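All remarks here apply to the structure that follows.
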Amino acid sequence: METRSFAVVRALVYRRLFRGFAGVFAVLWVVAPGPAARPAEAAPQRQAAAADEEGLRSLFASENREIHTPERVVAVTFNAAWNDAGLEPVLDELARRRAPATFFLTGDFADRYPQVVRRIAAAGHGLGNHSYSHPYFRDLTATGRRDEVRAADRALRTAGAGGALTPFFRFPYSETSPAHITEVNALGFADIEFTTDTNGWMGTQGGMTVDRAVSRALDALRPGAILQMHVGAREGGTEVLDAQALPLILDAISARGYRVIDLRALLTAPPAPTTLGPVP
């Protein structure tokens, strides 16, 4: 079983990580910055750290398939396990829109594509844990499940995730259970699933099209929705429908009066959501 000391150390690491992230987040994503902070004040820093820990713990004991908010905001997320096909157009589109996203990577992917981990981090997006080898967790022992989470965390850190690393975990195949969520929480991670998957990962060989992927995203659009897409192509394939669908999805999100927010905002006091920027 997980030792108390390990959980405490991890909690302290994430507390320090997201204390530093708060300042970076304000520069990268907030459209209208507020008054300059007074660096000499220690009390606001303690309050921010408390907010980070409180925000993380508020996500425990739940599979978190949506953000609880009445605001017309959505979060965009991507999974990656196969390869990096489609990554560049996805990052380019997000950059043009000034839209944040969170990428859930397997540890195996991070080991094979460390440059991708650093590229995502350098672009200012969040990085989440998607297990090491993408197994069915129901087929593993409790020790095996913990090893999967820890190994992925090590791989992401070794690849250079740095301050982009979040305490977010997404189960392979979105196969969750209360007991498994409790295990993940004990390791210091909150489970973040999704409201809908575009199913673009299935490709045309699986009966999907760009239009169908877009429709699945828009059919689930509501305040606090979390959209799941994928980068990478199946073995022997090159097409990434989600990379093609992303511009259309972001256009529709904006046209319907929604804004894209960064999932990392769940760890701090609610920030001003990001408005999609103009496309040159």
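Calculate, in nm to one decimal, what residue 212 and residue 115 gain on full extension: separation in residues at 0.36 nm each, minus their alpha carbon distance. Before the final figure, lay out each step's value.
Working: separation 97, 0.36 × 97 = 34.92 nm, distance 3.15 nm.
Roughly 31.8 nm would be gained on extension.
Leaving out ligands, DNA and RNA but keeping every protein chain, what accessible area does residue 229 have, in Å² rounded to the nearest 10, with a 1.4 Å probe?
0
Please report the net charge: other residues with Cβ closer than 14 Å to the Cβ of residue 158, K and R +1, D and E -1.
Spelling it out: positives minus negatives among the neighbours equals +2.
Could you provide, to the nearest whole Å², the per residue accessible area of the range 105-246 with probe 1.4 Å?
For the range 105-246, the solvent-accessible area averages 37 Å² per residue.
Percent of accessible area on the range 44-182 owned by carbon and sulfur, 1.4 Å probe?
52
If you rank 154, 65 by how much accessible surface each has, with a 1.4 Å probe, what is the order from largest down? Spell out each step's value before the answer.
Values: 154 140, 65 70 Å².
Output order, biggest surface exposure first: 154, 65.
Net charge around residue 181, counting only other residues with Cβ within less than 9 Å of its Cβ (Lys, Arg = +1; Asp, Glu = -1)? Intermediate values should be presented prior to the final figure.
Details: positive: none; negative: 63, 183, 191.
Value of the local net charge: -3.
Rank-order 234-240, 192-198, 82-88 by packing density, defined as the average count of other C-beta atoms within 10 Å over each peptide's residues, highest first. Kindly include the intermediate steps, with their values, before the conclusion.
Details: 234-240: 13.3, 192-198: 22.0, 82-88: 19.0.
Result, highest mean first: 192-198, 82-88, 234-240.
By how many nm would the segment from residue 252 to residue 58 grow when fully extended, if each residue of separation counts as 0.36 nm and the alpha-carbon distance is taken off?
66.8 nm
If DNA, RNA and ligands are ignored and the probe is 1.4 Å, what is the ranking of 57, 259, 170 by accessible area, most exposed first?
Sorted by accessible area, descending: 57, 259, 170.
If you place +1 on the Cβ of every Lys and Arg and -1 on the Cβ of every Asp and Glu, how big does the dipole about the Cα centre of the range 142-280 come out, in debye to the nearest 20?
It comes to approximately 300 debye.
The values are calculated or read from the model by the stated rules, or taken from the named source; none is laboratory data. Quick caveat, the model's predicted, so the values are computed rather than measured. Cβ atoms come from the backbone with ideal geometry, glycine included; neighbour counts cover every protein chain shown. The area values use the complete protein model at the heavy-atom level, side chains included, leaving out ligands, DNA and RNA. Shrake-Rupley method; radii C 1.70, N 1.55, O 1.52, S 1.80 Å.
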